[in-house]
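The values are calculated or read from the model by the stated rules, or taken from the named source; none is laboratory data. None of these values were measured; they are calculated from a predicted model. Using ideal geometry, Cβ is built from the backbone for each residue, glycine included, and neighbour counts are taken over all protein chains shown. Keep in mind that these areas ignore ligands, DNA and RNA; they rest on the heavy atoms of the full protein, side chains included. Shrake-Rupley method; radii C 1.70, N 1.55, O 1.52, S 1.80 Å.
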Amino acid sequence: MHCILRLKSFFSSSKFDQYIKVMEVGKTVTQKELKTKFIQLAKKYHPDTGSVKDANKFKAVLEAYRFLSD
């Protein structure tokens, strides 16, 4: 799993780095760790539980998760 993230970082390092920061994980995160972190952040920033600012953060987390989990 680590090699998948490394390949993505090679091909689109700036976007990869941005998404890693949004997800609050390291570059060697596993898919299992990524999913766990996504669930944690999704609960924290879901639009039904917070403000508009949280809704925007939720969208960013969702986009980052989709990119990193492919």
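Here is how the numbers come out for the structure above:
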{"item": "First in segment 51-70 and under 15 Å from T36 (Cβ atoms), second anywhere and open to solvent by less than 40 Å² (accessible area, probe 1.4 Å) and of a type in the set (S, T, Y), Cβ under 7 Å, 6 or more apart", "result": "V61/Y45; A64/Y19; L68/Y19"}
{"item": "Residue within segment 17-35 that is part of a helix (DSSP H, G or I) and in contact with a His (Cβ under 6 Å, 6 or more places away or on another chain) present", "result": "no"}
{"item": "Subset of segment 16-42 that is of a type in the set (D, E, K, R) and closer than 16 Å to K57 by Cα - its residue that is most open to solvent (accessible area, probe 1.4 Å)", "result": "K21"}
{"item": "Filter result for K59 (assigned to a helix (DSSP H, G or I), over 8 Å from the mean Cα position of the chain (by Cα) and exposed (fewer than 15 other Cβ atoms within 10 Å of the Cβ))", "result": "yes"}
